[in-house]
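S.K.: I'd like to ask some things about the structure below.
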Amino acid sequence: MTRIAVVIPWYDDQPGLDRVLAGLDGQTVPARDVEIVVADDGSPKPPSLGGRAHAISTAYQEDRGFRAAAARDLGVRRTSAPLLAFLDADTVPEPGYLQTLIESLSEPSPVGIVAVGRRRHADLAGCTAADVTRWLAGDSPAPPELPEPAWLRRAYADSDDLRRCDDRSYRFVISAVLALPRELYERAGGFDAGFVGYGGEDWDLAHRCWLAGADLRHVPTAVAWHDGPDFAGRAEHPDAARDVKDAETLQLAHVLTDPHARGAGLLWRFPHTAVVLRGAPCAGALAATASSILASTILPAADAQLWCPGLPELPDQLEGDPRLHAGHVPREVLRRARLVVELPAPVILTRGWAGIVEAAVDAGAGHPGSSPASWAAYDVATPAGLVRVRPTRWTARGGGPVTSVTAAVALPLDSTISLEARWGGWA
């Protein structure tokens, strides 16, 4: 059985592809254990693959802009190997590249490992596939080396090659030299085919893998050489580079629930916190509960949306608020939300979201300002009943026993008080 599938997103660059395939020809992993798919992102003519010892094929999608994420996902679906590796079509692997990644993915992990190799930079202009073969075999000099991005090298050094991760370490995963188990890829939802344009899809996938319970790992001995400088060294004008990065940031803000990735005050499709309101509240009770919850100005709780599994549809009067939903929380929301809060019935928050946070902190969940993904799970006993707080990463990894704490953060909704009196301040 093929051990690892290599997916190469590609667009109309035959010399670059020839160099990458030459690097794969020289891998120490037996050819029978490697499957290669060139995922063609709408090139005017198909790639030439040549004669290879590996199983190799192409997958084609129409040209609808730069869609590397969709191409990678298409390539994955054409393979069956239990391990997946992604190489960009301008990134040439050294002979031990795949073997080193395979060994890294075999390390113990409750859910699985997302491994990122070391991307070095060189000027490969004019370098043929034969030149690559001689260079990697040590039979000719290496091409001129270019600087590696200092911020990335520093991040790997400071985190012991991502062994010491936090909730923002997804930013140090790059898809040009990425590998992970297929099971983890599918569990996290794979590359988001909705990404169009340069960059960001690797951070999105790494973020979802992290929330799914994965461990991250930088593998400095898994080296692949990128043709040309890092992005920061490619732009001809600083304003152009800024505009590209700003477009990437805004695209990511739609899907990354990291509060530092989307600022404050804007409404996005995927919330940081998914609130589940049990029961089947009437319009007034739902409005009172929702306004109590969503009026919070404390981040990240302000970035929240509410679902009512007991309602087949929202009351007509509340259909205009895109943060309110009938039915169960969708899987794509759960894959991206950092926190899930379950309310037992319509409630009024007496201490706001800060009360829930403080209750968890007081019980030893962490320190003020720490990320919810590092907390344990909590049942907060309130006069309204148990408010369940579930960080998605904790839940994905199995965690330990749920800790119960008591805090007066929520009261049952008093059905004798009208919505007019409540909102008018007369109650």
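S.K.: Given 0.36 nm per residue, what is the gain on full extension from D158 to A295 after removing their alpha carbon distance, in nm?
M.R.: Extra length available between D158 and A295 comes to 45.5 nm.
S.K.: If you don't mind, another one. I'd like the accessible area for L211: 1.4 Å probe, protein heavy atoms, all chains in place, Å² to the nearest 10.
M.R.: Accessible area of L211: about 10 Å².
S.K.: In what order, largest first, do W268, W426, W307 sit by accessible area if the probe radius is 1.4 Å?
M.R.: Result of the area sort, largest leading: W426, W268, W307.
S.K.: Work out the charge dipole of the chain with +1 on the Cβ of Lys and Arg and -1 on the Cβ of Asp and Glu about the Cα centre, then indicate which of A222, P149, W268 is farthest towards its positive end.
M.R.: Selected residue: W268.
S.K.: Can you compute the modelled spin-label distance between D243 and E103, with each label point 7 Å from Cα toward Cβ, in nm?
M.R.: For the pair D243/E103, the computed spacing is 4.7 nm.
S.K.: Counting other Cβ atoms within 10 Å, keep those with at most 10, restrict to DSSP loop, and tell me which trypsin sites (Lys or Arg not before Pro) in the stretch 1-64 are left.
M.R.: Passing both the DSSP loop test and the Cβ count: R64.
S.K.: For the chain, compute Rh as the Kirkwood radius over C-alpha pairs and then the Stokes-Einstein diffusion coefficient at 4 °C and 1.567 mPa s; write the answer in µm²/s, rounded to an integer.
M.R.: 55 µm²/s
S.K.: Let me ask another. With contacts defined as alpha carbon pairs under 8 Å and 6 or more residues apart, what's the relative contact order of the stretch 299-350 in percent?
M.R.: Contact order relative to length: 32 percent.
S.K.: What size of dipole, in debye to the nearest 20, comes out for the stretch 145-219 about its Cα centre when the only charges are +1 on Lys and Arg C-beta atoms and -1 on Asp and Glu C-beta atoms?
M.R.: 120 debye
S.K.: Only loop residues by DSSP count here, and only those with at most 12 other Cβ atoms within 10 Å; note down the trypsin sites (Lys or Arg not before Pro) in the stretch 106-215 that meet that.
M.R.: R163, R164
S.K.: What 222 nm value per residue comes from the helices of the chain, counting each DSSP H run with n ≥ 4 as -39,500 (n - 2.57) and dividing by all residues, nearest 500 deg cm²/dmol?
M.R.: One gets -8500 deg cm²/dmol as the mean residue ellipticity at 222 nm.
S.K.: May I ask you to rank T221, T392, T406 by accessible area, largest first, using a 1.4 Å probe over the protein chains only?
M.R.: In descending accessible area the options line up as T406, T221, T392.
S.K.: Something else: Using 0.36 nm times the number of residues separating D123 and S415, minus their current alpha carbon distance, what extension gain do you get?
M.R.: Stretched out fully, the D123 to S415 stretch lengthens by 98.0 nm.
S.K.: Leaving ligands, DNA and RNA out of it, rank H254, H121, H328 by accessible area with a 1.4 Å probe, largest first.
M.R.: H328, H254, H121
S.K.: Working out 0.36 nm times the residue gap between Q317 and W151, then minus their Cα-Cα distance, what length gain in nm do you get to one decimal? Display every interim value, and only then the final one.
M.R.: Working: separation 166, 0.36 × 166 = 59.76 nm, distance 5.03 nm.
Between Q317 and W151, full extension yields an extra 54.7 nm.
S.K.: What is the magnitude of the charge dipole of the chain about its Cα centre, with +1 placed on the Cβ of each Lys and Arg, -1 on the Cβ of each Asp and Glu, and no other charges, expressed in debye to the nearest 20?
M.R.: 1020 debye
S.K.: Relative contact order for the chain: what percent, with Cα pairs under 8 Å and sequence separation of 6 or more?
M.R.: 14 percent.
S.K.: Where in the chain is the longest stretch that carries no GluC sites (Glu not before Pro) classed as loop by DSSP and with at most 15 other Cβ atoms within 10 Å?
M.R.: With GluC sites (Glu not before Pro) excluded where exposed in loops, the chain gives 63-235 as its longest stretch.
S.K.: Quick one: compute a quarter of the convex hull surface over the Cα atoms of the stretch 153-310 and quote it in nm².
M.R.: Convex hull of Cα atoms, orientation-averaged projection: 12.3 nm².
The values are calculated or read from the model by the stated rules, or taken from the named source; none is laboratory data. In this text, all values refer to a predicted model and were calculated from it rather than measured experimentally. Neighbour counts run over all protein chains shown; Cβ positions are idealised from the backbone, glycine included. Note: accessible area is taken over every heavy atom of the protein model, side chains too, but ligands, DNA and RNA are not part of it. Shrake-Rupley method; radii C 1.70, N 1.55, O 1.52, S 1.80 Å.
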